[in-house]
Amino acid sequence: MSRSWIGVLALLALSAVAGAEPAAAQTAAETPSPGKQPSATATGKQPIEVTAEGGIEWDRNAQTYTAKGNAHAQRGDFSVNADTLVAHYRKADSGNSQIYSLEASGNVHLSSQSAKVTGDHAVYDVTSRVMTVTGNNLKLETGTDTVTARDRLEYSDAKHQASARGGVTVVREGQRLEAEEVIATLAPGSEGKLAISKVEASGNVRIATQREFITADHGTYDADKQFAVLTGGVKVTQDQNQLNGEYAEVDLKTGVSRLLGAPPGKGGGQVKGLVLPESAPQPGG
């Protein structure tokens with residue numbers, strides 16, 4: 001059995017990330033049973049190349065295909081590099097093999113036209129089109145945004161949505177948002193490439209501007225408008241001055257912030273502040 005033939009089997013699962021045909025995107029990818037060649041529909045009429053310095057193994061009992069040693073897979077503009085790639089398959093009703101999950105372990109680097117993902121271990125669920133990445137140095141990069149996390153990165157190709165947990169940082173053109181958990185929605189930007197359009201953050205949310213440092217329990221950020229809304233235990237610090245409230249609006253484009261004792265439309269609450277005369281903002285500053 002040739003390495004190139006097995007490589008097609010192992011990477012059909014990954015093809016959905018790079019833009020598989022609708023039928024393949026909705027169900028687990030089907031691959032031909034041993035002795036049959038993959039059909040044009042199964043391969044999306046686009047060749048897949050797999051290379052591995054340590055060779056490729058087929059385990060009939062475990063129902064896996066494994067590429068070891070600096071494994072590399074390429075399909076169109078999508079590629080994955082890892083120390084080891086493992087494709088898990090099962091029998092479909094048609095009699096063909098059906099790859100339902102693919103694992104990449106060790107120095108994982110995934111790249112497409114719209115994003116790059118790095119980590120130690122990645123699992124791609126073919127049916128749901130969800131990729132989960134764990135380990136050290138977790139990072140998701142688009143053309144304009146960088147998301148890093150300590151514990152976990154998850155990306156849904158179907159929903160164009162990314163979630164991150166543990167010491168999460170989102171950076172765009174010098175603007176920085178930090179939180180314990182973040183859900184980011186991506187949308188096509190001006191050049192048609194995916195970029196973060198909305199961020200929902202929770203747990204020790206922190207936003208830094210040129211003049212202020214703001215913390216809160218929860219926050220939402222509209223990346224297109226560069227506008228953030230923060231709620232719960234909001235603290236705004238400027239130099240040695242500090243204002244406390246329960247609701248804040250932060251315009252990162254203009255640098256103007258508004259702090260309230262409670263969300264608009266809800267009574268009660270007040271803003272408390274500590275302002276030191278020597279550090280108070282000067283008129284027009």
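The values are calculated or read from the model by the stated rules, or taken from the named source; none is laboratory data. Just so it is clear, the structure is predicted and the values come from calculations on it, not from any experiment. Note that we place each Cβ from the backbone using ideal geometry, even for glycine, and neighbour counts take in every protein chain shown.
Here is a check on your reading of the model: is residue 143 without any contact (Cβ under 8 Å) to a residue 60 or more places away in the chain, in the same structural domain as residue 224 (by TED's automatic domain parsing) and either part of a loop (DSSP other than H, G, I, E, B) or of a type in the set (Phe, Trp, Tyr) (or both)? Against the criterion (without any contact (Cβ under 8 Å) to a residue 60 or more places away in the chain, in the same structural domain as residue 224 (by TED's automatic domain parsing) and either part of a loop (DSSP other than H, G, I, E, B) or of a type in the set (Phe, Trp, Tyr) (or both)), residue 143 qualifies. Filtering segment 99-127 to residues that are of a type in the set (Ser, Thr, Tyr) and under 15 Å from the mean Cα position of the chain (by Cα) leaves 111, 112, 114, 118, 124. Contact annotation: residue pairs with Cβ atoms under 6 Å, 6 or more positions apart or on different chains, pairing a residue in segment 80-105 that is among the aromatic types (Phe, Trp, Tyr) with a partner that is at pLDDT 90 or above, are 89/63. Of all residues in segment 149-185, those that are buried (at least 19 other Cβ atoms within 10 Å of the Cβ) and under 9 Å from the mean Cα position of the chain (by Cα) total 6.
Considering segment 186-202, and only residues there that are over 18 Å from residue 228 (Cα atoms) and not aliphatic (A, V, I, L, M), the residue that is surrounded by the most Cβ atoms within 10 Å (Cβ to Cβ) turns out to be 189. Does any residue of segment 222-237 turn out to be without any contact (Cβ under 8 Å) to a residue 40 or more places away in the chain, under 23 Å from the mean Cα position of the chain (by Cα) and at positive phi? No - not one qualifying residue is present in segment 222-237.
Taking the listed residues 110, 102, the one that is touching a helix residue (DSSP H, G or I) at 6+ places or on another chain (Cβ under 7 Å), buried (at least 22 other Cβ atoms within 10 Å of the Cβ) and assigned to a strand (DSSP E or B) is 102, with no other qualifying.
Selection of segment 150-204 for residues being in contact (Cβ under 8 Å) with a residue 24 or more places away in the chain, closer than 14 Å to residue 131 by Cα and among the polar types (S, T, N, Q) yields 156, 161.
What about residue 209, is it under 20 Å from the mean Cα position of the chain (by Cα) and among the polar types (S, T, N, Q)? Considered against the rule, which asks whether it is under 20 Å from the mean Cα position of the chain (by Cα) and among the polar types (S, T, N, Q), residue 209 comes out as no.
Scanning segment 132-150 for residues that are among the aliphatic types (A, V, I, L, M) and within 15 Å of residue 185 (Cα to Cα) returns 140, 147.
Report whether or not residue 217 is of a type in the set (Asp, Glu), surrounded by fewer than 18 Cβ atoms within 10 Å (Cβ to Cβ) and over 16 Å from the mean Cα position of the chain (by Cα). Taking the combined requirement at face value, the residue satisfies it. Checked against (1) of a type in the set (Ser, Thr, Tyr); (2) at pLDDT 85 or above; (3) within 23 Å of residue 239 (Cα to Cα), residue 202 meets all criteria but (3).
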